[in-house]
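These notes concern the structure reproduced below.
The values are calculated or read from the model by the stated rules, or taken from the named source; none is laboratory data. Because the structure is a prediction, the values reported are computed rather than measured. All Cβ positions, glycine included, derive from the backbone under ideal geometry; neighbour counts span all protein chains shown.
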Amino acid sequence: MAIGVTMYTFDIQLADVDRGVYEDLSIRVARHPSETDAFMLTRVLAYCLEYEEGIAFSEGVSATDEPAVLVRDLTGALVAWIEVGAPDAARLHTGSMQAERTRVYTHRDPGKVAAPWAGKRIHRGDAILLNSFDPGFVDAATGVLARRNTMTVSITERRIYLDLNATSFETDIHTQTAA
């Protein structure tokens, strides 16, 4: 018998001082059996860091024609294509063609994530931002994940202060372009 998705709940207090975004969020995240806790938590962090009206999770790893997180405007047009993990150059090319902005959030070594993109055709590659965190940050935070989570995310001067289930973590947000 195949194992199904596992549902996680996050009650989040978001304070993004850098962008002037202050929200209380309650989100449910479906974690596919092939998805790691680190990937799922990176999806949640990407959601918080890109939060704006119209943001949503896609169908996850089974949605091959959509990113992990996306933003649509009121007309339904795709505004942001937000990948998580280590997408290939073709996905970034597609995302950049379809959306006004394309972002990648990774819990992995950004140099190793970006290396396969070198020399590949990526539409507006110089405008695609690859965001990563300090080594070990996401892995440490996954150690306190539960099915129901209480989370405070504060971002100031490109630094995240995360309180997850009464345990505190912090990291810088490292950014480079895809090209």
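Identify the residue in segment 5-17 that is in contact with a Lys or Arg (Cβ under 7 Å, 6 or more places away or on another chain) and surrounded by 13 or more Cβ atoms within 10 Å (Cβ to Cβ) and, among all such residues, is nearest to Glu52 (Cα to Cα).
Across segment 5-17, the extreme among qualifying residues is Thr9.
With the structure loaded, tell me whether Glu53 is out of contact with any helix residue (DSSP H, G or I) (no Cβ under 9 Å at 6 or more places or on another chain) and modelled with pLDDT under 95 or whether it fails that test.
So Glu53 fails the test.
Quick grid of which residues meet (1) at pLDDT below 95; (2) hydroxyl-bearing (Ser, Thr, Tyr); (3) closer than 18 Å to Asn149 by Cβ:
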site: Glu35; (1), (2), (3): yes, no, yes
site: Glu59; (1), (2), (3): yes, no, no
site: Thr102; (1), (2), (3): no, yes, no
site: Thr106; (1), (2), (3): no, yes, no
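Within segment 102-145, track down each residue that is assigned to a strand (DSSP E or B), surrounded by 17 or more Cβ atoms within 10 Å (Cβ to Cβ) and not hydroxyl-bearing (Ser, Thr, Tyr).
Selection gives Arg103, Val104, Leu130, Asn131, Phe133.
Can you tell me which residue within segment 43-77, out of those that are closer than 19 Å to Thr177 by Cβ and of a type outside the set (D, E, K, R), is farthest from the chain's Cα centre (by Cα)?
Pro67
Exactly one condition in (1) touching a residue at least 12 places away in the same chain (Cβ under 8 Å); (2) not in a strand (DSSP E or B) is false for Glu83; which is it?
Every listed condition holds for Glu83 apart from (2).
Which of the strands (runs of 3 or more DSSP E) found entirely inside segment 12-80 contain at least 2 residues meeting this: acidic (Asp, Glu) and closer than 21 Å to Phe169 by Cα?
Qualifying strands (runs of 3 or more DSSP E): 21-31.
Of the residues Thr150, Thr94, which is within 22 Å of Ile27 (Cα to Cα) and of a type in the set (S, T, N, Q)?
That would be Thr150, the only listed residue that is within 22 Å of Ile27 (Cα to Cα) and of a type in the set (S, T, N, Q).
Starting from residues that are crowded, with 21+ Cβ neighbours inside 10 Å and not aromatic (Phe, Trp, Tyr), keep the ones in segment 81-92 and report whichever is farthest from Gly54 (Cα to Cα).
Filtering segment 81-92 for residues that are crowded, with 21+ Cβ neighbours inside 10 Å and not aromatic (Phe, Trp, Tyr), the one farthest from Gly54 (Cα to Cα) comes out as Pro87.
Out of everything in segment 150-172 that is outside any strand (DSSP E or B) and either in contact with a helix residue (DSSP H, G or I) (Cβ under 6 Å, 6 or more places away or on another chain) or free of Cβ contacts under 8 Å to residues at least 24 places away in the same chain (or both), what residue ends up being farthest from Tyr105 (Cα to Cα)?
My answer is Ala166.
Checking the conditions here, which among Ala80, Ala38 is under 19 Å from Ile155 (Cβ atoms), of a type in the set (Gly, Ala, Ser) and over 10 Å from the mean Cα position of the chain (by Cα)?
Exactly one residue qualifies, and that residue is Ala80.
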